[in-house]
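Enquirer: The following block contains the structure, expressed as C-alpha cells.
Bear in mind that the values in this text are calculations on the coordinates, not laboratory data. Keep in mind it's a predicted model, so treat the numbers as computed, not measured. Positions of Cβ are backbone-derived with ideal geometry, glycine not excepted, and every protein chain shown enters the neighbour counts.
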Amino acid sequence: MSDASIPELVVFDIAGTTVLDDGEVARCFQEALSEELIDLDESTINEIMGLPKLLAIRQLLQEFAPERTEPGLAQRIHDDFEQLMIEHYLESPNVGLYPGVLPLFRKLREQGVAVAVNTGFPRSILDSILERLGWQVGRTIDAAIASDESPKGRPHADMILILMKRLGLDDPSKVAKVGDTPSDIGEGKSAGCGWVIGISHGSHTRDELVPFEPTHLVSNIDELARIWGFRISAEDLTL
C-alpha cells in the first residue's frame with residue numbers, strides 16, 4: 001500500500017456513520033417538536049440530518065410552522081432535543097457501533113492516518129457519546145469536534161479545517177470525509193477533501209445519496225476499508 005493510496009486524515013461522522021442510529025435521532029427530534037405541538041414525520045426530519053441542530057430546527061420551523069414566531073421557540077426545542085439525546089446516549093441499551101468501526105480506526109492509525117470525528121450535535125451530546133463509548137482523544141481517536149465549536153457547521157468546511165489545523169495538516173486533498181447524510185457530503189466537498197465518501201447504512205439510502213455526487217459510495221464499514229486496501233476480518237466485524 002503506497003502512501004499516496006491512503007489519506008493523512010479521515011474525518012468520520014458519528015450518528016448513522018460510526019455510531020448506530022436506528023431512527024433514534026429523528027425520534028428525539030419528533031418528541032422535542034411535539035412538546036411544542038409541532039408534528040413532523042421521520043422522512044421530513046431526515047432531510048435536515050447532519051446539519052447543526054439549532055439551524056436544523058430553525059429551518060423546520062420556517063418551512064412547516066411559519067406562524068410560530070414566539071421568541072425562544074427554536075432554543076426551547078433544541079434544549080429539549082439535547083436533553084433527550086444525552087439521556088439516550090448515556091442510558092439506552094441500543095447505543096453501539098456499526099460492525100468494524102474500531103478495527104478500521106486501529107488499522108488507519110497503525111498506518112499513520114489520523115482519525116477524527118465530527119458531528120452536527122453540540123459538544124454536550126458529543127461528550128455523552130464519547131463517555132458512553134469510552135473513546136479517548138489520543139487513544140481511540142486523534143481529534144473530535146462538535147458543530148457549536150466552529151463558526152459554521154455543515155455543509156460548510158469549518159469543522160474539517162479546524163481539525164486539520166489541530167493536527168498540523170494543510171492539504172485537504174489528503175483528507176477523507178465519511179458520512180451518511182447529504183450535509184456530510186457537502187462538507188467534504190466544501191473543504192476540498194480528496195475522498196468524500198457517503199455511507200448508506202445510516203439515515204440515507206444509496207439512492208438518496210447518489211445525487212450529491214460523493215467520490216465514493218459504500219454500504220458498510222467493510223466496503224469503506226477496502227477503498228484504502230484494508231480488509232476487516234469476520235472476527236473484527238463483530239467488534
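Enquirer: Quick one, which of [x] 30, 18, 17; [y] 33, 23, 15; [z] 42, 17, 14 is the actual semi-axes √(5λ) of the Cα gyration tensor in Å calculated for this model?
Expert: Given [x] 30, 18, 17; [y] 33, 23, 15; [z] 42, 17, 14, the calculated one carries the label [x].
Enquirer: A further question on this structure: When you take every Cα atom in the stretch 24-91, what is the radius of gyration, and what is Dmax, the widest Cα pair distance, in Å?
Expert: 11.1, 36
Enquirer: Tell me which GluC sites (Glu not before Pro) from the stretch 1-53 have a DSSP coil assignment and no more than 14 other beta carbons within 10 Å of their own. Spell out each step's value before the answer.
Expert: Details: sites: GLU8, GLU24, GLU31, GLU35, GLU36, GLU42, GLU47; in loops: GLU8, GLU35, GLU36, GLU47.
Qualifying residues, ordered by number: GLU35.
Enquirer: Going by C-beta contacts inside 10 Å, put LEU73, LEU133 in order with the fewest on the left. Intermediate results must be reported in sequence, preceding the final value.
Expert: Details: LEU73 16, LEU133 19.
Fewest-to-most ranking of LEU73, LEU133: LEU73, LEU133.
Enquirer: Separate question: Most exposed first by the Cβ proxy, i.e. fewest other Cβ within 10 Å, how do CYS193, CYS28 rank?
Expert: Working: CYS193 26, CYS28 22.
Ascending Cβ contact count within 10 Å gives the list CYS28, CYS193.
Enquirer: If amide hydrogens are placed 1.01 Å from N in the peptide plane, which non-local residues have theirs closer than 5 Å to the one on LEU9?
Expert: Correct list: ALA114, ALA176.
Enquirer: In addition: Within 10 Å of each residue's Cβ, count the other Cβ atoms and sort ILE129, ILE185 from fewest upward.
Expert: Numbers: ILE129 24, ILE185 28.
Ordered by Cβ neighbours within 10 Å, fewest first: ILE129, ILE185.
Enquirer: While we're on this one: Rounded if a/c is under 1.5, else prolate if a/b beats b/c, else oblate: with a ≥ b ≥ c from the C-alpha gyration tensor eigenvalues square-rooted, which is the stretch 93-229? List each step's numbers first, then the result.
Expert: On the way: a/c = 1.18, a/b = 1.07, b/c = 1.10.
Taking the square roots of the gyration eigenvalues as a ≥ b ≥ c, the stretch 93-229 is rounded.
Enquirer: Out of all DSSP beta bridges in the chain, what portion is antiparallel? Express it as a percent rounded to 5. Please list the in-between numbers first.
Expert: Numbers: 1 of 22 bridges.
So the antiparallel bridges in the chain amount to around 5 percent.
Enquirer: Still on this structure, I have one more. So, in Å, what gap is there between the alpha-carbon centers of the stretch 77-116 and the stretch 117-182?
Expert: With the stretch 77-116 and the stretch 117-182 each reduced to a Cα centre, they are spaced 12 Å.
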